[in-house]
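A short reminder: the numbers here are calculations on the coordinates, not readings from a lab. Because the structure is a prediction, the values reported are computed rather than measured. Here the Cβ is made from the backbone with ideal geometry for all residues, glycine too, and neighbour counts use every protein chain on show.
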Amino acid sequence: MNFFTIEQPKPGSPEDRNGRTDSLPEEGFNVGECSRCPACNRPLSMLKWLPPYRVELQSWGKHYGDIAEISDNLIVSERFLQAFTRSDVKGLLCVEPVDVIKVVHRRGKPTEPLPRYFKAAVARSATTVDQQQSGYVWEDKTNVCPKCLFGKLKRYQALIVNEETWTGEDIFFPRGGHVPIVSERFKQVFAENGLFGAVFTPVEEAGYDSCPWEIRAATEY
Ligand SMILES: [Zn+2]
């Protein structure tokens, strides 16, 4: 099985110029509680976004992006939703329409009409990151919670999914990881339908470092 991380295109990249759209919730939007680990009480999500779902969009490319936000929720176009529903892609929950209250065009206006957009929550999965194989380095390993597999994290080199734990979602927040991961199928459906606004990195290359100066110091001296 191949898994990937999913991100919005970097500014100035070909994917950005082709079709990136950013979504910002309306100022003063409503929030509820975040979800917490039942064992250590650590927040496992951002504060829950509550209705009304109203957003401002910024378009950066020739086309409107089909994914305009990647966090606890995705903001996706109707085209995205249709393609993914048709292909029975799993892992998106609580799909609801959003109202677009303002659109700013940063690099000219796309020629197609503004799509309808929806928000969809990304599943929190029992699918687990193999932290050992992924090269996780903790500030204090004895503080890592055995339930949510989190603690004060310094860095990791990859986000290898323990395939035996995979519960079948095509997009999910894994246990022991803090970014969404997608299946090969998700990536395929995105590409086959010519959708815009996301780039994928193999989990083997998806490293993260919260204190890169330590590595620099170690190599310089
Ligand atoms: Zn915990």
Q: Take the alpha-carbon positions of the range 153-217, form their convex hull, and give its projected area averaged over all directions (one quarter of the hull surface) in nm².
A: 5.5 nm²
Q) So, in nm, how far is label K62 from label T85 when the simple model puts each one 7 Å beyond its Cα toward the Cβ? A) 2.9 nm
Q. Rounded to the nearest 5, what is the percent of antiparallel bridges among the DSSP beta bridges in the range 31-179?
A. 65 percent
Q) What residues have an amide H closer than 5 Å to that of V98, excluding those fewer than 5 places away on the same chain, when H is modeled at 1.01 Å from N in the peptide plane? A) Y117, F118, K119
Q. When Lys and Arg each count +1 and Asp and Glu each count -1, what net charge do the other residues less than 10 Å away from N2, Cβ to Cβ, add up to?
A. 0
Q: Distance from a point 7 Å along Cα→Cβ of H178 to each backbone N in the range 117-144: keep the residues under 20 Å and list them by number.
A: 122-144
Q. For the chain, treating each Cα as an identical point scatterer without solvent, what Debye log10 I(q)/I(0) comes out at q = 0.16 1/Å?
A. -1.17
Q: With +1 on each Lys and Arg Cβ and -1 on each Asp and Glu Cβ, and nothing else charged, work out how big the dipole of the chain is about its Cα centre, in Debye to the nearest 20.
A: 340 debye
Q) So if R0 is 35 Å, what FRET efficiency would K48 and T201 give, r being the distance between their Cβ atoms, rounded to the nearest 0.05? A) 0.80
**Q.** Extension gain (nm, one decimal) between C211 and K102, 0.36 nm per residue minus Cα-Cα
**A.** 35.5 nm
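Within the set K10/K62; K90/K154; K147/K187, which residue pairs have Cα atoms separated by over 22 Å?
Over 22 Å Cα-Cα: K90/K154; K147/K187.
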Q: Along Cα→Cβ, 7 Å out, is where each label goes; now give me the distance between the ones at K109 and L93 in nm to one decimal.
A: 4.0 nm
Q: State to the nearest 20 debye the size of the charge dipole of the range 86-173 about its Cα centre, where the only charges are +1 on K and R beta carbons and -1 on D and E beta carbons.
A: 580 debye
